[in-house]
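Read the structure below first, then the notes.
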Amino acid sequence: MRWQIWKQRVTTALYRLFQGRYGTDQLTVVLFVVSVLCSLVARFSRLPWLMLLYYAGMLFGFWRMFSRNFAARSRENQWMLSLVYKARMQGRMLRNRFRDRKDFHYLKCPACGQHLRVPKGKGKIEITCRSCRAAFIRKV
Ligand SMILES: [Zn+2]
C-alpha cells in the first residue's frame, strides 16, 4: 500500500516535470548514444579529452529534453534527419553504381545535375535527361 502511494507520487512528479517540455526525439537518442560511445572510447584509450564530448553531448541532450521551445528543437531534429537521409541516399547510389559497374555508366546531366544511368559499350549515343529533357551526346 505504502509502495503504491510512493509510486503514484513519483509518477505525478515526473509527469509535472515533463509537462510542456519537448522530451526525446531521434536527435536526443543519437546524442546520448554518441556520448556514451565517446565515454567508452575515452575510458579504454589514451584520449581523455573525449570525456568532454561525453559531458557536452549529455548536457545538450538533457537541455533539449527539458526545452519548451518545440519549434526550434523540432527544426534541429529535422536537420539531423535530413543529413541522415542524404547519407543513406549517397550510400544507396554508391551501392547501385558498384552493383551495375559492368553494364552501366553513371553520368550527371550537364543541364540540371540529375544522375543518369546509361548502358555501357553502345558507342556514341544521344542521352535525354529524364527530368529536364535536355539531350546531349556521349561516348559510352
Ligand atoms: Zn537534366
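Tell me, please, whether a residue that is of a type in the set (Ser, Thr, Tyr) and touching a strand residue (DSSP E or B) at 6+ places or on another chain (Cβ under 6 Å) can be found in the stretch 59-79.
No, there is no match, as no residue in the stretch 59-79 is of a type in the set (Ser, Thr, Tyr) and touching a strand residue (DSSP E or B) at 6+ places or on another chain (Cβ under 6 Å).
So Phe70 passes all but one of these: (1) within 16 Å of the ligand (Cβ to nearest atom); (2) in the same structural domain as Leu14 (by TED's automatic domain parsing). Which condition number does it fail?
All conditions pass for Phe70, except number (1).
If we keep just the residues of the stretch 94-115 that are charged (D, E, K, R) and in a loop (DSSP other than H, G, I, E, B), which is farthest from the ligand (Cβ to nearest atom)?
Lys102
Which members of the stretch 116-140 meet the condition of being more than 10 Å from the ligand (Cβ to nearest atom), aliphatic (A, V, I, L, M) and not in a loop (DSSP other than H, G, I, E, B)?
The answer is Val118, Ile125, Ile137.
The values are calculated or read from the model by the stated rules, or taken from the named source; none is laboratory data. Being a predicted model, the structure only gives us computed values, none of them experimental. Note: ideal-geometry Cβ built from the backbone for every residue, glycine included; neighbour counts use all protein chains shown.
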